[in-house]
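Chemist: Here it is, the structure in full.
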Number of protein chains: 2
Amino acid sequence: SRRKPLFIKELIKSILEGNHTALSRGITLVESTATKHQQQAKELIQGCLPHANNSIRIGITGVPGVGKSTFIESFGTLLTQKGKKVAVLAVDPSSTLSKGSILGDKTRMEELVKNPNAFIRPSASGESLGGVARKTREAIILCEAAGFDIIIIETVGVGQSETTVHSMTDFFLLLKLAGAGDELQGIKRGIMEMADAIVINKADGDNVKAAKLAKTEFNRALHLYPEKESGWTPKTLTCSSINNEGIEDVWNLIEEYSTTVKKNNYFQEKRNEQNKFWLMQTIESALKANFYHQAKVKKELEKQLQLLQAHKTTPFEAAEVLLKITS
Amino acid sequence: SRRKPLFIKELIKSILEGNHTALSRGITLVESTATKHQQQAKELIQGCLPHANNSIRIGITGVPGVGKSTFIESFGTLLTQKGKKVAVLAVDPSSTLSKGSILGDKTRMEELVKNPNAFIRPSASGESLGGVARKTREAIILCEAAGFDIIIIETVGVGQSETTVHSMTDFFLLLKLAGAGDELQGIKRGIMEMADAIVINKADGDNVKAAKLAKTEFNRALHLYPEKESGWTPKTLTCSSINNEGIEDVWNLIEEYSTTVKKNNYFQEKRNEQNKFWLMQTIESALKANFYHQAKVKKELEKQLQLLQAHKTTPFEAAEVLLKITS
C-alpha cells in the first residue's frame, strides 16, 4: 500500500524473477547497518514476504574438518540434478569481512558455485549472534521469494550458533566423523538432542568400518532421548561426500521427514513457534538492552554485584534496588 | 544500621540461636504475600545474611515412586548421626495448601521429623516457579543462619523445577530406579547433564542385579557428556534406603565433591554465578512483566501474532511495532 521507491520496486521484481544478482544486492541491503538502507530493507522484505515460505530449511552443523563444504557441494549438486533450486547461507557470528567466513572461500564448493540453480552466500558479518541471526532469517525470506526450494543454513557451531540455526530451520542435520575410541566424547551439550539426523561423513576407504561402528553408537545414543515433539525418530546415516555415496539417502530421509511433519501439521506449527520465538526474543533483547545500557543502571549494577559477592544483599533485594532506579 | 522493630530483632536472635519454632515463623514471614510482611521479611533476611552461606546445599530430584522421602529420611538421619544439622526444603510449584505438598505428609519422614537436629519444611505454595524459587532461596538463608550445615532441596521435577533447584544448590543428585528394559528411556531432557551423581535407589532383594546393571548403563551414558566446568566427573551409585545400605557412600561422594570444588575454587564461583543469575533473572522477569502486562501491548501483540501467522510481517518488524508503543 505504501509507495516504495522505484529502486526497491525493481529489486523486488528482479528477485521474484529469480535473478541472482538482484538477490545478492537484496541481501547486502538487509545486512547493511546504515539507517537509510534499513528502511529500504524493510520495504524489500515486505515486498518479498508474500512469496516466501515455500521451502525446506535445512540446518547443517559439524566441527571444522568434518567436511561440511564437501558435503554441501555433493548434496547441493544432487538436489539441483533433481530440479531443485538450492540456496546456501551461513550463520557464523565470528566471521568478519577481514577474517573471511566459512563460506568466504567459495572455491571450496567449486561445482555448486558455478551451478545456475544454486546460490551461495557467505555469513553476514556482525558482532552479535542475534544480529547475524536476524540478517540470516531475512536472507531466507529473500531466497524463498527468489524461488529457492531448499535453503541450507550452515554453521560451524561457535557458541550458541547451533541453537540459533536450529530455531530457524525445519530439519537439523549433524555431520560427524568416525574416529578412534569413544565416538560420542566431546559432543557439545544439547546438539545431539536437536539433531533430526546424524550423518557420518568420510565413510570411505579405510574409514568404512569405523563409520559403521560410529553409526551404531550414535543410534544407541539417540535412543536415550525422549521422543521428539515432531513424532520423528532421529536417524543415523553414513556417507562419502567425495565419492558421492549415501548422499541420496540423506535427501530421502529429509523427504521422509518432510512428509511426516507436513502430515501431522508439525511443520507449520514449528514455523509458527519459531516466528513467535524470534518476536519474543527481539523484544526481550531490546528491553534488556534499554535497561542495562543506562549509565546509572551500569553504575548501580556494579555496586550491587559487589554487595552480593560480599553476602551483604540478596539477588532479589539487589534487583529491587536496580529496578527502582528507572521507575 | 536501620532500626528494626523489636519483633524482628527477637526473631533474628532466636533464629541465630537455632530455635526451630523461630525458624518456622521466619520462613512463614518470607513466604507471606502481605506487603507489611514483605517489609519485615526484608529486615529479617538482612539480619540473617551475615550468618548464612556456611552449608552444603544439595538438590535431590527423581520421579514420584523413586523413594525420595525414604532416601532423605535415611540420608538425613545418617548426617545427624555424624553431628550435622540437616534442613529439608522443597521446590514444588504445583503444590498448594489445599492439595498438600510433597513434604506435606511429614509422616513419610517419621524419624527425621522427630530428630532435634533436623528441620523439615514443606514447599512454599505459589502460582509461579519464580515465586516459589525466591521464597526457597530466602528460606535457605534463614536455615543457614540457624546453623544448619546441610540444606537439602527436594523437587518432584515438575516443569522447569529441576533447573531451578540446580541453580540454587552446590551438588545435584538424581535418584533413579532400576527397571526392566532400557534404563535411560524417558529421562527428561537435560537432567542427566545437570547431575553430579546418579543414585539408584531400592537396590535390595530381587532388585540388586537390575540396579547393578542400571549403574553400568548410567555410567556409560554419563560419559557421553563433555567434562563439567567443576572438573568433577559425575558418578553413579546404588543404595537401599530401607536397608540403610550405600547411604554412607553417597555422603562420602558429596564430601569428595565438596573437597574438590572448594580446592579449585569452583564452589564459591558457582555460588557467585548463581547469585548473579538470580539477580538478572529477577530483573528480566520484571522488565518483561512490565512490558507485556500493558493493555495496549497485549492488544497489539495479538494483532502482530496474527499477521505473523499469515506471513504478513516478520518477527523483527512485529517486535519493532510493539516496542514503539511504549517508547
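Read the figures in this text as sums done on the coordinates, not as results from a lab. Predicted, not measured: the structure shown is a model, and the values here were computed from it. All Cβ positions, glycine included, derive from the backbone under ideal geometry; neighbour counts span all protein chains shown.
Chemist: Straight-line reach only, C-alpha to C-alpha below 17 angstrom: list the lysines that B:LYS312 could link to, leaving out same-chain residues fewer than 8 apart.
Modeler: Straight-distance partners of B:LYS312: A:LYS4, A:LYS42, A:LYS276, B:LYS303.
Chemist: Can you pull the mean other chain C-beta count within 10 Å for peptide A:133-141?
Modeler: 2
Chemist: Name the residue from A:THR260, A:ILE242, A:GLN281 whose Cα lies farthest towards the positive end of the charge dipole of the range A:233-291, charges +1 on Cβ of Lys and Arg and -1 on Cβ of Asp and Glu.
Modeler: The residue sitting most towards the positive pole is A:GLN281.
Chemist: About the Cα centre of chain B, what is the dipole size in debye to 20, counting +1 per Lys and Arg Cβ and -1 per Asp and Glu Cβ, all else neutral?
Modeler: Dipole of chain B, to the nearest 20 debye: 1160 debye.
Chemist: Residues in the range B:44-77 near a label at B:TRP251, defined as backbone nitrogen under 16 Å from the 7 Å Cα→Cβ point?
Modeler: Within reach of a label on B:TRP251, which here means backbone N under 16 Å from a point 7 Å along Cα→Cβ, the range B:44-77 contributes B:56-58, B:71-77.
Chemist: Among the aspartates and glutamates, which have Cα under 20 Å from the Cα of B:LYS288 when same-chain residues fewer than 8 positions away are ignored?
Modeler: A:GLU273, A:GLU284, A:GLU317, A:GLU320, B:GLU127, B:GLU300, B:GLU302, B:GLU317, B:GLU320
Chemist: Tell me the net charge near A:GLN38. Cut-off is 13 Å between Cβ atoms, A:GLN38 excluded, with +1 for each Lys or Arg and -1 for each Asp or Glu.
Modeler: Combined, the nearby Lys, Arg, Asp and Glu give -1.
Chemist: Over the Cα atoms of the range B:203-326, each weighted equally, I'd like the Debye log10 I(q)/I(0) at q = 0.16, 0.18, 0.22 Å⁻¹, rounded to two decimals.
Modeler: Per q value, in the given order, log10 I(q)/I(0) is -0.87, -1.00, -1.25.
Chemist: In angstroms, what radius of gyration and Dmax does chain B have, counting Cα atoms only?
Modeler: Computed over the Cα atoms of chain B, radius of gyration and Dmax are 22.1, 67 Å.
Chemist: Right, next: Under a point-charge model restricted to the Cβ atoms of Lys and Arg (+1) and Asp and Glu (-1), what is the dipole moment magnitude of the protein assembly as shown relative to its Cα centre, in debye to the nearest 20?
Modeler: The dipole magnitude comes to about 2320 debye.
Chemist: Quick one: length gained pulling A:GLU269 to A:HIS20 fully straight, 0.36 nm per residue minus the C-alpha distance?
Modeler: Between A:GLU269 and A:HIS20, full extension yields an extra 86.6 nm.
Chemist: Which three extents, in whole angstrom, do the alpha-carbon atoms of the protein assembly as shown cover along their principal axes, largest first?
Modeler: Per principal axis, max minus min of the Cα coordinates gives 80, 61, 44 Å.
Chemist: Sticking with this one: By DSSP, what percent of the beta bridges with both residues in the protein assembly as shown are antiparallel, rounded to the nearest 5?
Modeler: The answer is about 5 percent antiparallel.
Chemist: Given H placed on each backbone N at 1.01 Å, which residues far from A:ILE200 in sequence or on other chains put an amide H within less than 5 Å of it?
Modeler: Placed amide hydrogens put A:LYS176, A:LEU237, A:THR238, A:CYS239 under 5 Å from A:ILE200.
Chemist: Roughly how far apart, in whole Å, are the Cα centres of the range A:268-286 and the range B:1-42?
Modeler: Spelled out, the Cα-based centre of one part sits 43 Å from the other.
Chemist: Okay, moving on. Could you pull out the pairs from A:LYS68/A:LYS262; A:LYS298/B:LYS36; B:LYS13/B:LYS36; A:LYS298/B:LYS324; B:LYS135/B:LYS215 whose alpha carbons sit more than 29 Å apart here?
Modeler: Beyond 29 Å: A:LYS298/B:LYS36; B:LYS135/B:LYS215.
Chemist: Determine the shielding of peptide B:302-314 by partner chains: average, over its residues, the number of Cβ atoms on other chains within 10 angstrom of each Cβ.
Modeler: 4
Chemist: So what is the relative contact order for the range B:235-327, in percent, with contacts set as C-alpha pairs under 8 Å and at least six apart?
Modeler: Relative contact order here is 12 percent.
Chemist: Right, here's the next one. Averaging sequence separations of C-alpha pairs under 8 Å and six or more residues apart, then dividing by the length of chain B, give the relative contact order as a whole percent.
Modeler: Relative CO of chain B lands at 17 percent.
Chemist: Rounded to whole Å and sorted largest first, list the principal axis extents of the Cα atoms in the range B:282-327.
Modeler: Taking max minus min along each principal axis of the Cα atoms, the range B:282-327 gives 34, 18, 18 Å.
Chemist: Now for a different question. Could you go through the range B:146-153 in sequence order and give the Karplus-derived ³J(HN,Hα) for each residue, using 6.51 cos²θ - 1.76 cosθ + 1.60 with θ = phi - 60°, rounded to whole Hz, and x for Gly and Pro?
Modeler: Along the range B:146-153, the couplings run 7, x, 6, 8, 10, 10, 9, 10 Hz.
Chemist: Antiparallel versus total DSSP beta bridges in the range B:171-327: what percent is that, nearest 5?
Modeler: 10
Chemist: By average Cβ neighbour count within 10 Å, what is the ranking of B:290-299, B:45-54 from highest down?
Modeler: Highest mean packing first, the order is B:45-54, B:290-299.
Chemist: If you count, for every residue in B:221-232, the Cβ atoms of partner chains within 10 Å of its Cβ, what is the mean?
Modeler: Going residue by residue through B:221-232 and averaging, the value is 3.
Chemist: Just to check I understand the Karplus step: with θ = phi - 60° and J = 6.51 cos²θ - 1.76 cosθ + 1.60, what whole-Hz values come out for the range A:287-300, glycine and proline as x?
Modeler: 4, 5, 4, 4, 6, 6, 7, 6, 4, 5, 5, 3, 5, 5
Chemist: Quick one: putting +1 on the C-beta of Lys and Arg, -1 on the C-beta of Asp and Glu, what dipole do you get for the range A:1-47 around its Cα centre, in Debye to the nearest 20?
Modeler: For this selection, approximately 240 debye.
Chemist: Scan around A:GLY59 for amide H atoms under 5 Å from its own, H built in the peptide plane at 1.01 Å from N, and keep only partners 5 or more places away or cross-chain.
Modeler: Excluding prolines and chain starts, which carry no amide H, the hits are A:ILE153, A:ASP170, A:PHE171, A:PHE172, A:LEU173.
Chemist: Once phi is turned into θ = phi - 60°, what whole-Hz ³J(HN,Hα) does the Karplus curve with 6.51, -1.76 and 1.60 give for every residue of the range A:41-56, x standing for Gly and Pro?
Modeler: 4, 4, 5, 4, 4, 4, x, 8, 3, x, 9, 9, 6, 9, 7, 10
Chemist: How large are Rg and Dmax for the range B:231-281 when only the alpha carbon atoms are used, in Å?
Modeler: 14.8, 44
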